[in-house]
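To start, the structure under review is shown below, and the notes come after it.
The values are calculated or read from the model by the stated rules, or taken from the named source; none is laboratory data. Everything numeric here is computed off the predicted structure, so don't read it as measured data. Methodologically, a virtual Cβ is constructed for each residue, glycine included, from the backbone with ideal geometry; neighbour enumeration extends over all protein chains shown.
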Amino acid sequence: TDLFLPLIERVTQLAGKSYGEEKDVDRAMRIIVEHGRGVAFLIADGVLPSNEGRGYVLRRILRRASLFGRRLGLDQPFLSEITSAAVTRMKHVYPELMANQAVIEEITTTEEEKFSNTLETGLSLVEELIEGAISQGEKLLPSKQVFQLYDTYGFPPELTAEIAGERGLSIDWEGFQAEMEKQREKARAAQKFVTAKATLSGTGKLSVKGEVIKAGTEFIGYDTTTSQSKILELRVGGHLRQDASQGDEVDIILDKTPFYGEMGGQVGDTGKISSQKGEVAITNTVRSPSDVIIHHGKVTKGSISVGDEVETKIDVDRRLDIARNHTATHLLQAALRQILGSDAYQRGSLVEPGRFRFDFSHLAAIPESQLAEIQGWVNERIRQNLAVKSRLVPYDQAKAEGAIALFEEKYGDTVRMVEIGEPAISRELCGGTHVKSTGEIGFFIITSEASIGTGLHRIEAVTGRAAESVAERNFDTLKSMARELKSLPEEVYQKVKVLIDELELEHKHSLWLERELSRRMAESLVTQTRQVGGVTFLSARVLPLNKSVLREMGDILRNKLNSAVIILATVYDNTPSFLAMVTPDLVARGFHADDIIKQVARVTGGSGGGRAEMAQAGGKDVTRLDEALSSVESIIAERISTT
């Protein structure tokens, strides 16, 4: 179509081939163009390459396009050229393509380069598998090797199946799925939540030993922390019960509750449920996709029954800690997008009372200076005590107002939008609990930042009481160091720096002395050589030396002796260490340092290796070091007898 012609023309330019002359060439070009366009739209929509969900679709089509590019002779990464052409062609209709063009090109290039590093090896292995299967009359490629291609070389099984299909073969999908089972466990863990014997599955229903809980729960926890509720269902050990007694572990479903059920990265509430007859300590609360809220706990007093009127009370201090952290994640995302750029999007989070972690997309490394700027930005908004409000609005309206939606989260027609400030500095679709104003957060500290994958970062942080504790611990440590250094806290850094510089000088001086000692020892050892069968050898125990100095000592001896097998042993940090060196003339006669050192070290229960001219080994039994050195003569004699 006219839509694809500019993209096909770009492929022909890059490949130096014409479209419409060869069937296989035309097919490869169409695949590259279709996938290149798909890659551009997926990345513009916030998808990043991964091994799950839409991220896996992106990775698969990107790698398939790369493979077909290879068939056109495109040996270097090229797909960003196609995505660029797609953006140019469609930016007027889809402005998000133009807004994200730099991100699209960078992610495409990075992912294609990663795949290119293993593509050649992977293709060779696929061909070996195919040839092996054909020679044995098999119709299926073995599942273990197909899995290895995927796990080690990044070859999607669908790609392997396509290449095999061109030769009339397929892959053992059932066997491949069995090989993938361990990896799938993690994915399944993300789709279900188990509490006692109750399982929340991706179907949106709570199943307990084959039974399905159909009751819904009204959540009233945005406005209150207590309620008068009624027990609708009660389970002990996963079984439906009419009542439960002191000591029983229970799962309770109420008609309405202020307890927040774990969802959207925010952990569930804890607290207690009381009736006139008994009391239950709630240790966790979870929510199914169908809005069933399950309170898990233990009867601590008396008994409870289905139909009981109960009073619920959440742990308010814990809830406030969670709310501080949750609102801080919204501020953090606003700061990231303000400071790092619009490619920073939330990819996951965990909000607990004592800390939170926040995963987000960003291609570049984040220097300490930017982390400090991000932390400062958030704390400034906390000091401004901005109002935090929520309202229910149609989904389309929320998006039109610029609200950020969590990637791959499913939303209904009406959504809850949380706004910070007026005018808003942050708008997000969110069902979690929050503080009323940012000043309630108190203080925000980033405790760590790390890369967790291609274009993915994780920040861990604390707020409120936890931030105060971190600050106190750090300051106490600083004061303790200041006392030890007999300085003021603000002088500690410079004092420590001076000490490090002095230690470095002492280390260099110590190393010089060690090398000088090794040189003198080498000179004294030259006269201690012996001979067996016309071969000169030296086996000696020397004073404790580190491995690098021991090697330098070996070099000195090898240069002085001209023709010799040299075995040195030392005990360093209470561990036997061996060095073997063989001069070139004896290497030519079959005396190899790596073979000799293995036999010598074996006497002390150790092992080692290296090259024919130089090898090193470690041992275990210090008491047998001299015995190991005594074995050198017999090892050389045995070698002479076999040549």
Give Val103, Val11, Val93, Val25 a once-over and let me know the one that is over 26 Å from Gly122 (Cα atoms) and in a helix (DSSP H, G or I).
-> Val103
Restrict the check to the stretch 31-47 and report whether at least one residue is touching a helix residue (DSSP H, G or I) at 6+ places or on another chain (Cβ under 7 Å), part of a loop (DSSP other than H, G, I, E, B) and buried (at least 16 other Cβ atoms within 10 Å of the Cβ).
-> yes
Give Gly38, Gly53, Gly16 a once-over and let me know the one that is at pLDDT 85 or above and on the phi > 0 side of the Ramachandran plot.
-> Gly16
Considering only the stretch 609-643, state which residues are farther than 14 Å from Val535 by Cβ, touching a Ser or Thr at 6+ places or on another chain (Cβ under 9 Å) and not aliphatic (A, V, I, L, M).
-> Glu613, Gln616, Gly618, Gly619, Lys620, Asp621, Thr623, Arg624, Glu627, Ser630, Ser631
Taking the options Ser641, Ser634, Ser577, Ser607, name whichever one is within 17 Å of Ser539 (Cβ to Cβ), surrounded by fewer than 17 Cβ atoms within 10 Å (Cβ to Cβ) and hydroxyl-bearing (Ser, Thr, Tyr).
-> Ser634
Of the residues Gly432, Gly453, Gly442, which single one is within 31 Å of the chain's Cα centre (by Cα) and over 28 Å from Ile382 (Cα atoms)?
-> Gly453
Just to be sure, is Ile273 touching a His at 6+ places or on another chain (Cβ under 9 Å) and modelled with pLDDT of 95 or more?
-> yes
Among residues of the stretch 434-465, those that are closer than 14 Å to Leu363 by Cα, in contact (Cβ under 8 Å) with a residue 12 or more places away in the chain and among the small types (Gly, Ala, Ser), counted = 3
Across (1) farther than 29 Å from Tyr19 by Cβ; (2) assigned to a helix (DSSP H, G or I), Gly137 clears everything bar (2)
Select from the stretch 359-392 the residues that are touching an Asp or Glu at 6+ places or on another chain (Cβ under 8 Å) and either part of a strand (DSSP E or B) or more than 30 Å from Thr109 (Cα to Cα) (or both) and list them in ascending order.
-> Ser361, Leu386, Ala387, Val388, Lys389, Ser390, Arg391
The residue that is surrounded by the fewest Cβ atoms within 10 Å (Cβ to Cβ), considering only those in the stretch 515-561 that are of a type in the set (Val, Ile, Thr) and without any contact (Cβ under 8 Å) to a residue 40 or more places away in the chain, is Thr527
Residues of the stretch 346-364 classified as hydrophobic (A, V, I, L, M, F, W, C), over 19 Å from Gly432 (Cα atoms) and surrounded by 17 or more Cβ atoms within 10 Å (Cβ to Cβ), total = 1
